[in-house]
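Remarks on the structure that follows.
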Amino acid sequence: MFRYTKATAVREVIMWIIALLMLLPMYILVVTALKSDEEAITSSAIAPPTAIDFGAFVEVITSTGRNSIMLAMLNSVIITAGSIVGLVLLGSLCAYVISRRTRTWSTFTFYLVLIAIVLPAQLGTVPLYIGARNLGLTGSAFGMILLWTGMMMPLAVFLYSSFFRGLSTEYEEAATIDGAGPTKTFFRIVLPLMSPATGTVAILCGLIIWNDFFNSLIFLGGSNVQTLPVAMYTYVGSLISAWNKIFAVVIISMIPILAFYMFAQKQFIQGYAGGLKG
Amino acid sequence: MPPGRHRIRTRPTKKPLINYGHWWWALPAIVLVVGVHYAATLTGGFFAFTDWTGLGRWNWVGFENFARIFSDGKLTLAVWNTFLLAIGSVVLTNVVGILFALGINRTLKSRYILRTLLFMPVVLSPLAVAYVWKFIYQFDGPLNGFLGLIGLESWQKTWLADPNWSIWAILVTIAWQSTGFTMVIYLAGLASVPQEVEEAAAIDGAGVWGRFWHVVLPSIRPSVAIATTLGIVQGLRIFDQIYALTGGGPAGATETLATQIYKQAFQLGQFGFGSALALVLTLVILGFAVLQQYLTRSPKD
């Protein structure tokens with residue numbers, strides 16, 4: 001009964017029309033960014049550019065100082081990658097120990113972590129900011145990495161825990177019989193096996209960290225270390241209604257994440273659909 | 001009995017065959033979680049009852065901060081806007097998301113491409129998306145251009161500067177970005193709908209609506225719970241889109257608890273009062289999360 005009928009074809013066409021309408025803002029984004037300064041003001045928003053003009057992109061890429069989008073991208077890469085390394089390493093170690101051991105403290109720790117996922121972060125923001133300021137960690141990439149590793153740790157531990165619970169202990173038993181100690185077993189046997197969970201952790205946590213504006217604004221605002229969203233906010237504020245340049249900034253900020261998405265869209269979608277079912 | 005002593009005495013017999021790592025491997029993560037989540041949240045809860053400005057001395061003011069929130073018209077509006085955006089975005093993204101999921105579920109030849117395209121806005125930065133929509137909502141922007149084209153010139157307005165419409169403009173922006181997320185959750189849920197039951201229902205004469213209501217919806221109940229709970233929690237804390245689109249204006253018409261927390265605490269240095277707003281938001285989020293669990297649990301338990 002679920003064969004491809006005429007009604008299915010109609011449904012397919014309707015869904016394509018809807019999808020294209022949904023992506024209309026993205027089309028407007030691209031065509032406007034490719035227009036010259038003058039055409040961006042005078043022409044219709046949905047009209048393609050008469051001549052493709054990369055002037056806006058050149059100006060954005062070569063911007064310097066506080067407005068340097070390329071420097072901000074580098075900062076975003078460092079902060080996101082550093083946080084993911086911390087989350088993968090510390091999160092997997094913690095999840096491994098608490099899901100393989102059955103003592104009271106490991107169960108307690110698991111619930112401690114689980115509750116922290118639900119606990120909204122807003123209330124802790126003020127004390128964290130003051131603490132970071134007193135320790136000289138505001139406006140520093142290291143401080144931001146430390147903050148993110150702590151903030152996203154509950155999600156990482158939770159994702160790894162559900163993975164380890166479903167992972168048979170046979171490999172570790174075999175390694176122990178062969179004379180491997182716990183450290184060797186973890187790094188040689190468990191670490192390679194857990195790469196699907198690492199992928200989910202990296203995608204879910206990485207996306208939240210990369211796209212975050214609120215925390216970056218508070219902890220990095222006004223400093224020389226800017227992440228992409230904060231730099232974009234500052235830069236756009238200085239470009240009053242120069243929409244081709246604003247959109248060039250927006251597109252440049254989107255390129256890394258869209259490239260990743262196209263490359264690993266299945267993992268992204270499965271990570272979202274499956275990983276958050278907690 | 002303390003576990004340590006127990007272990008020492010019985011080590012020769014009770015030592016597990018395999019040693020699954022050392023207990024202290026969990027320590028760095030636990031310290032970070034306790035510090036960043038529990039200690040910070042508790043300290044914030046304490047600040048909420050003080051008049052601290054981040055510098056120097058502070059006084060215990062009891063419930064004064066909370067009395068101020070609920071007697072200030074601008075702040076009560078912020079509370080209502082928070083509810084409006086959260087509930088509005090949950091309703092919109094779930095209704096449209098489920099329709100999208102049903103629309104591309106099964107049999108479509110291009111369902112994977114459609115899924116990729118419709119999910120794409122989810123991965124973009126909310127700030128970047130907000131700028132695209134800011135352009136669309138401009139007075140000489142594409143939305144008004146379209147209205148003019150179909151003869152509805154009287155509907156044209158400066159959407160983001162209109163106190164009655166700006167909050168809805170923000171809602172549409174949020175819904176556009178997060179519908180793909182609910183769609184993907186529902187697609188995963190729909191995969192678990194037993195196809196034989198649906199076919200049997202169709203053979204027995206159940207229409208599209210009857211099949212949806214009696215076969216599909218009960219099977220995707222867990223998906224509804226996940227999508228609405230995550231949507232509410234996300235919706236209550238929306239900040240980026242508002243900050244970029246209207247900055248809380250015009251005249252405070254689009255302020256929410258999240259934007260007010262930022263302004264009071266970090267722009268005005270009212271750390272005590274900002275923490276009180278954050279405590280209200282936290283209680284609202286926890287309240288909704290509990291209510292949601294209660295409402296969407298399956299009727300059997």
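Side notes on the structure shown:
- With Cα atoms, 0 to 90° folded angle of helix A:265-275 axis to chain A main axis: 50
- Dimensions of segment B:79-267 from C-alpha coordinates, computed as largest minus smallest value along each principal axis and given longest first, are 59, 44, 26 Å.
- Choice from B:Ser178, B:Ser154, B:Ser71 with maximal GNM fluctuation in chain B (Cα, 10 Å cutoff): B:Ser154
- Mean Kyte hydropathy of -0.5 or more with a Cα span along the axis of at least 27 Å, helices from DSSP in chain B: B:73-104, B:166-190, B:271-296
- The count of lysine pairs in the protein assembly as shown that are at least 8 places apart or cross chains, and whose C-alpha atoms lie under 15 Å apart, stands at 5.
- Crossing angle, helix A:195-211 versus chain A [Cα axis fit, 0-90 degrees, rounded to tens]: 40
- This model, with +1 at the C-beta of Lys and Arg and -1 at the C-beta of Asp and Glu, gives segment B:79-267 a dipole about its Cα centre of some 280 debye.
- Build a GNM of chain A with springs between Cα atoms under 10 Å apart, and of A:Ser36, A:Ser168, A:Ser140 the one that fluctuates most is A:Ser168.
- Nearest 10 degrees, 0 to 90: helix A:243-263 Cα axis against chain A principal axis: 40
- Convex hull volume of segment B:196-251 per residue (C-alpha atoms, cubic angstrom): 122
- Multiplying the residue separation of B:Trp24 and B:Ser192 by 0.36 nm and removing their Cα-Cα distance gives an extension gain of 56.4 nm.
- Shape of chain A, Cα gyration tensor, a/c cut at 1.5: oblate
- For the protein assembly as shown, pairs of C-alpha atoms spaced more than 38 angstrom apart make up 36 percent of the total.
- Relative exposure of A:Ile18, A:Ile240, B:Ile285, judged by other C-beta atoms within 10 Å (fewest first): A:Ile240, A:Ile18, B:Ile285
- Sorted by Cβ density within 10 Å, fewest first, the residues A:Phe247, A:Phe158: A:Phe158, A:Phe247
- This model, with +1 at the C-beta of Lys and Arg and -1 at the C-beta of Asp and Glu, gives the protein assembly as shown a dipole about its Cα centre of some 2060 debye.
- Among B:Ala276, B:Ala258, B:Ala39: highest mean-square fluctuation, GNM of chain B, C-alpha pairs under 10 Å: B:Ala39
- Exposure proxy order (Cβ contacts within 10 Å, fewest to most) of A:Arg101, B:Arg237: A:Arg101, B:Arg237
- Full extension of the chain between A:Ser43 and A:Trp16 gives 7.0 nm of extra length, using 0.36 nm per residue less the Cα-Cα distance.
- Rg/Rh ratio calculated on Cα atoms of segment A:39-116 (Kirkwood radius): 1.39
Coordinate-derived values only; no laboratory data. Model, not experiment: these values are computed from the prediction. Here Cβ is always computed from backbone atoms with ideal geometry, including for glycine, and neighbour counts include all displayed protein chains.
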